Number of protein chains: 2
Amino acid sequence: MMHLKRHPHANVIDLGVGDTTQPLPTTVTASMADFVHGLSTASGYKGYGPEQGEKALRKAISVAFYKDMGIKPSEVFVSDGAQCDITRLQLLMGPNLKIAVQDPSFPAYIDSSVIIGQAGKFVDNAGKYKNIEYMTCGPQTNFFPDLPSISRTELIFFNSPNNPTGHAATRKQLEQLVDFARLNGSIIIFDSAYAAYITDDSPKSIYEIPGAREVAIEVSSFSKFAGFTGVRLGWTVVPEELLYSNGFPVMHDFNRIMCTCFNGASSIAQAGGLACLSPEGLRAIQSLVDYYMENARMLVDALTSLGLTVYGGKNAPYVWVHFPGSKSWNIFAEILEKTHIITVPGSGFGPGGEGYIRISAFGLRHSIIEASQRLKYLIYQKQN
Amino acid sequence: MMHLKRHPHANVIDLGVGDTTQPLPTTVTASMADFVHGLSTASGYKGYGPEQGEKALRKAISVAFYKDMGIKPSEVFVSDGAQCDITRLQLLMGPNLKIAVQDPSFPAYIDSSVIIGQAGKFVDNAGKYKNIEYMTCGPQTNFFPDLPSISRTELIFFNSPNNPTGHAATRKQLEQLVDFARLNGSIIIFDSAYAAYITDDSPKSIYEIPGAREVAIEVSSFSKFAGFTGVRLGWTVVPEELLYSNGFPVMHDFNRIMCTCFNGASSIAQAGGLACLSPEGLRAIQSLVDYYMENARMLVDALTSLGLTVYGGKNAPYVWVHFPGSKSWNIFAEILEKTHIITVPGSGFGPGGEGYIRISAFGLRHSIIEASQRLKYLIYQKQN
């Protein structure tokens, strides 16, 4: 990396990639280690599991995350992660349709769409793909699209809490989104990977919204709330009521994709996931979430005390900082050069992210404290 | 299952699905458990790994399987299994090309091709998809296609040792295959998932053949030789010299697919894979392979002693039994009804499998002994 070449002795703090840093709770690793040791015994050995995931885990997910929402274990498909499921969903839908994405948003929706062949040409001066509908989600509209101005698309990717803005859509916003999808015959692919970080009463699942079962698929993951970024475990919910326009259940097609293109998540990761969802596991996981959210609060406090306009950090471990009139890459470069802190330029999340940077709160506490001080000093210098 | 409804007390022996049954070596599970315990410590915690796999594992694979073949660690992409990689390769190649497959062969090549949209219509009376080139591989041609009669396709899926026939292609056959691909500008997708079961001097990798680096991708897996069917670990080799007709390296595109549509194999499975490839691990794994091959020999002996025509079982843990003039499904049903043994009807692997059944040697020893006796008794009854 060039920065380290120029500053070989710099103590670089990486608050760029949203990668977890806290050790896993011992209750989770003990369960996985037990399962692993079992694999070398005649009674504990297990070969192929069901492609859709172990029954016990599907049930535990439906109880832990979808209580009172009517999601059955058979509607939960366990996977090796949300990003992989997003590609499988694109594969399911094929190249001949249009997608809408929040702008800014997690790049995987667009990147996988480009690979499947839905995106069309990249238009340089707009920073957009021709066939993709970009739904601007900025502070002017409380980070929600102006739906009446959005063209109808077959798929709508919607991430809440949003990466990078940290905004969790309100109940009213999600009601509007579900209405919009029902009216247009669109399918919402709702990415709730950060739902565990919600601290207010924003919905944690699209299925909290009446009518969502007929129009929405939900993709989620153990990566961010349980620190499973390397262990690899996620899930996708496809409700029975979700039908193609010809009346065929989408669930049957998704099941076919899972059985043809996937062979199940690692049995060890699944044992770990089940341990996360035990009462003891859930308590332990919550303390991981609290840790990162305390980091986020510290970053938000430091930056707002300097008069900066800061979003996120309340319902998500991302802080979204606005530098009106500046270019994301210039802000990124200046912060890196002067404080040795790696952030992500907002424009990497779409043209709507221009003028912003994203700071991840997934760091170690001492790095967050040090980073806050360095940022304060930098901005103090600039202001005086 | 209907059979169990009709025979609720039957002791059913499943020699159908090729699923491993032997416990993992303790040297492998101990390494995985150590890694897992490390995940709850500050020094041992790991988040996202490289999408292409841990460097040490990529290197160990290149040494263990491709010694003297010039495969570099950077050409090895670690994954969650061969079936998943086959889909990712189809995704890479897109819908607008033709594929050739051995007939009979592992159904995933065709199934994933159907999902991508390459296969065309299914022609019922032929039992074939219109756009797929079926390369008949029967005993008349020593289980190798009559290449001069095969149309040019962009991709050639080739599985050796073959599932279901158990045939390992000879060096001469593979030389012909590589020549054929070079002449036609085709890419071979060589599936070597059963290479560890080869007992004669048949090549274990396509890269043993000079010139293969320019025309072949190799897909392989820890599932069958290390019992990792549930743990999930595989790899794909894409050599630097493999180029599209416009000169662009296929490797760069595959790398992009891995980074966009995949987030790395489970770090725990990777730790297990590394342990399998240590000197101690390799010895332990070899005894698993020997166990299944002893099973295969017992099945082959029992069936040949009855005068049946039996293939496979020598270089692969599958026994391929010919019942000339009979329909696969009828043989399957009769064996199930009279002996309570589950096999796989050969026609499930393509029209070239008609008249055969596949018996898996991945069972427990006592099941294999019991199954051999039941089969002997059934056939003795039929013959007398």
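Brief remarks follow.
- Over the protein assembly as shown: Rg over Rh, Cα atoms, Kirkwood Rh: 0.99
- Under a model in which nothing but the beta-carbon of Lys, Arg (+1) and Asp, Glu (-1) is charged, region A:277-384 shows a dipole of about 160 debye around its Cα centre.
- Electrostatic tally near residue A:62: other residues with Cβ closer than 12 Å to its Cβ, Lys and Arg +1, Asp and Glu -1, net +2.
- Buried surface for the A/B pair, taken as the accessible area of each chain alone minus that of the pair with a 1.4 Å probe, is close to 4100 Å² in total.
- Furthest towards positive pole of dipole, B:164, A:349, A:57, structure part the protein assembly as shown, Cβ charges: A:57
- Solvent-accessible area assigned to carbon and sulfur over region A:243-384 amounts to 56 percent, based on a 1.4 Å probe.
- Theoretical ellipticity at 222 nm over chain B - DSSP helices of four or more residues, -39500 (n - 2.57) apiece, nearest 500: -12000 deg cm²/dmol
- Computed over protein heavy atoms with a 1.4 angstrom probe, the accessible surface ordering of B:171, A:283, A:213, largest first, is A:283, B:171, A:213.
- Measuring between their Cα centroids, region A:4-46 and region B:18-40 lie 15 Å from each other.
- Taking every DSSP beta bridge that has both ends in region A:68-187, the antiparallel portion is near 20%.
- Taking the Cα centre of chain A as origin and assigning +1 to Lys and Arg Cβ atoms and -1 to Asp and Glu Cβ atoms, the resulting dipole is close to 580 debye.
- Projecting the alpha carbon convex hull of region B:37-121 along each direction and taking the average yields 8.5 nm².
- In chain B, Cα pairs under 8 Å separated by at least six residues give a relative contact order of 23 percent.
- Placing unit charges on the Cβ atoms only, positive for Lys and Arg and negative for Asp and Glu, gives the protein assembly as shown a dipole magnitude near 180 debye about its Cα centre.
- DSSP bridge orientation in the protein assembly as shown - percent antiparallel, rounded to nearest 5: 55 percent
- Teacher prompt: residue B:9 distances to equivalent labels in other copies, 7 Å Cα→Cβ, nm: 8.5
- From the alpha carbon centroid of region A:259-327 to that of region B:152-197 is 47 Å.
- Kirkwood radius and radius of gyration were both taken over the C-alpha atoms of chain B, and their ratio Rg/Rh is 0.97.
- Heavy-atom accessible area order for B:274, B:177, largest first, 1.4 Å probe: B:274, B:177
- Sorting A:31, B:186 by accessible area puts them as A:31, B:186; the probe is 1.4 Å, largest comes first, and only protein heavy atoms count.
- For residue A:351, the point set 7 Å out from Cα toward Cβ sits 5.3 nm from its twins in the other copies, listed from shortest up.
- Alpha-carbon centroids, region A:98-150 and region B:356-384: separation in whole Å: 59 Å
- Label distances, nm, residue B:307 versus same residue in remaining copies, Cβ-directed 7 Å point: 10.0
- Partners of residue A:376 within straight-line reach, counting lysines whose Cα lies under 27 Å from its Cα and excluding those fewer than 8 residues away in the same chain: A:5, A:314, A:327, A:338.
The values are calculated or read from the model by the stated rules, or taken from the named source; none is laboratory data. The shown structure was predicted, so the numbers you read here are calculated from the model rather than taken from an experiment. Ideal geometry is used to build each Cβ from the backbone, glycine not excepted, and the neighbour counts take in all protein chains shown. Note: accessible area is taken over every heavy atom of the protein model, side chains too, but ligands, DNA and RNA are not part of it. Shrake-Rupley method; radii C 1.70, N 1.55, O 1.52, S 1.80 Å.
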